[in-house]
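First the structure, in the form of structure tokens, and then the observations on it.
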Amino acid sequence: MGEEGTEGVVHLLCLAASSGVPLFCRSSRGGAPARQQLPFSVIGSLNGVHMFGQNLEVQLSSARTEDTTVVWKSFHDSITLIVLSSEEGTLELRLERLLQMVFGAMVLLVGLEELTNIRNVERLKKELRASYRLIDSFLGNSELIGDLTQCVDCVVPPEGSLLQEALSGFSEAAGTAFVSLVVSGRVAAATESWWRLGMPEAVLLPWLVGSLPPQAARDYPVYLPHGSPTVPHRLLTLTLLPGLELCLLCGPRPPLSQLDAQFLERWWQPLLDPLRACLPLGARALPAGFPLHTDILGLLLLHLELKRCLFTVELSGDREPSPEQRRRLLRSFYTLVTATHFPPEPGQPEEKVEEAVHPAHVPRACYLVSGPEEPGIGWRLVALQLGPRRLLLLLSAQSPTHGLRGLATHTLHALTPLL
């Protein structure tokens, strides 16, 4: 299994489907933004072969060369997105989900009407610049994983019940049912209405907040790609502590001026200590002192029905590999097991057909050794699915392979009350 993102180049192209006019091109090299652009002749050829297939009623979705993977996807017969990746070990699933998130980001900040009825290409190009920061964060080495899992990145605050109670009261006083606490792009607590947001906005909204430069308060117009793609809402953000923001999704009311410092202090000053306890969770996700086996270097826990996940590689101190390598390994392993081993997520029709025809042939666990399968050599990766939960662990080379499933099962039982 290759380590995704290692010295690879990713090019993302966005074109008007009817004319083939490029709307933007974003690139990254080794996870960092790059200025390198593809020649127009290459862009034209990539779009031309896709259009040629469409004219023959053939859907070209992906292709591979010796060192590059290419994925095409059209949206509403108006926008064509193309991504090329030379990153080692890249699978089509990862690139397909990247394109879904990119189009979601475009709708979030521009609106579906502007993308499906393109009246002025130059004006649309200018409007799409507002989405560059968010889109570039998908191409980089993010500490989040919701772009790939399509689940909301969460953290588990030590005083979660207190924060939840305060959010409910604040929500009623502010006049909106959609309120959340976001720490470094991850949701620490949210109202029931916020949790019921559809995909992809449930992932995109906290990701957007985490990608923006720090600001005391914002009044940001957003569209909801699933819930309201043509009518904008207001995303209000208020910084309670550096790195911890209160987010409200609302209509014309309340005005931002209503949420002044005095109003915020009345609700949140008594909870200053629980709020401060959330700040270290941005990287760790789990409360300090939560018991985990010392061999665990990183973990990803998904609740496939709630569409939430916990993701952390800030475990076991300064041991190798580095946090960046750990994230790459877990992201690559998630892509591999999701594409090849585990069934589709609950509720999808193909899963029900699969279980009806082959009820005894659905895998529940798998493991992989990155390197030689010898004692003390190669990182261990194990995945386990029980009910709606799926757990992926990155373990040290000292962890014996015969004990991987037992360790994963014990860890999943310990984490179950949290998510």
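The values are calculated or read from the model by the stated rules, or taken from the named source; none is laboratory data. Keep in mind the model is a prediction, meaning the values are calculated, not measured. Ideal geometry is used to build each Cβ from the backbone, glycine not excepted, and the neighbour counts take in all protein chains shown. Calculation scope for accessible area: heavy atoms of the full protein, side chains included, ligands and nucleic acids excluded. Shrake-Rupley method; radii C 1.70, N 1.55, O 1.52, S 1.80 Å.
Tabulated results
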read-out	value
Members of the range 119-140 that are touching a helix residue (DSSP H, G or I) at 6+ places or on another chain (Cβ under 6 Å) and assigned to a loop (DSSP other than H, G, I, E, B)	none
So Leu235, is it at pLDDT 95 or above and either open to solvent by less than 10 Å² (accessible area, probe 1.4 Å) or not hydroxyl-bearing (Ser, Thr, Tyr) (or both)	yes
Single unsatisfied condition, Leu300 versus (1) touching a residue at least 40 places away in the same chain (Cβ under 8 Å); (2) among the aliphatic types (A, V, I, L, M); (3) more than 30 Å from Phe342 (Cβ to Cβ)	(3)
In the range 383-407, the residues that are closer than 19 Å to Pro291 by Cα, without any contact (Cβ under 8 Å) to a residue 60 or more places away in the chain and open to solvent by 10 Å² or more (accessible area, probe 1.4 Å)	Gly403, Arg405, Gly406
Of residues in the range 55-89 being in contact with a helix residue (DSSP H, G or I) (Cβ under 8 Å, 6 or more places away or on another chain) and among the β-branched types (Val, Ile, Thr), the one farthest from Pro225 (Cα to Cα)	Thr69
Strands (runs of 3 or more DSSP E) (entirely within the range 345-419) containing at least 2 residues that are modelled with pLDDT of 75 or more and over 24 Å from Glu320 (Cα atoms)	377-386, 389-395
Conditions (1) under 24 Å from Val102 (Cβ atoms); (2) free of Cβ contacts under 8 Å to residues at least 40 places away in the same chain; (3) among the small types (Gly, Ala, Ser): number failed by Gly210	(2)
Residue that is without any contact (Cβ under 8 Å) to a residue 40 or more places away in the chain and open to solvent by 10 Å² or more (accessible area, probe 1.4 Å), where the choices are Glu165, Glu143, Glu159	Glu165
Any hit, the range 42-65, residues being of a type in the set (Lys, Arg), more than 15 Å from Ser18 (Cβ to Cβ) and surrounded by 15 or more Cβ atoms within 10 Å (Cβ to Cβ)	no
Strands (runs of 3 or more DSSP E) wholly inside the range 1-105 containing at least 1 residues that are among the hydroxyl-bearing types (Ser, Thr, Tyr) and under 24 Å from Leu148 (Cα atoms)	22-29, 62-64, 69-75, 79-85
Leading residue by the ranking (farthest from Leu238 (Cα to Cα)) among those in the range 168-195 that are within 17 Å of the chain's Cα centre (by Cα) and open to solvent by 50 Å² or more (accessible area, probe 1.4 Å)	Trp195
Segments classed as strands (runs of 3 or more DSSP E), wholly inside the range 181-247, with at least 1 members that are in contact with a Ser or Thr (Cβ under 8 Å, 6 or more places away or on another chain) and over 22 Å from Gly282 (Cα atoms)	217-224
Qualifying residue in the range 285-296 (condition: aromatic (Phe, Trp, Tyr), touching a helix residue (DSSP H, G or I) at 6+ places or on another chain (Cβ under 9 Å), within 20 Å of Thr411 (Cα to Cα) and surrounded by fewer than 20 Cβ atoms within 10 Å (Cβ to Cβ))	yes
Residue within the range 214-227 that is small (Gly, Ala, Ser) and either farther than 30 Å from Leu304 by Cβ or open to solvent by less than 30 Å² (accessible area, probe 1.4 Å) (or both) present	yes
Set Arg276, Arg266: member being under 29 Å from Thr149 (Cα atoms) and open to solvent by 30 Å² or more (accessible area, probe 1.4 Å)	Arg276
Residue in the range 241-250 that is farthest from Leu205 (Cα to Cα), counting only those that are open to solvent by 20 Å² or more (accessible area, probe 1.4 Å) and either in contact (Cβ under 8 Å) with a residue 40 or more places away in the chain or polar (S, T, N, Q) (or both)	Gly243
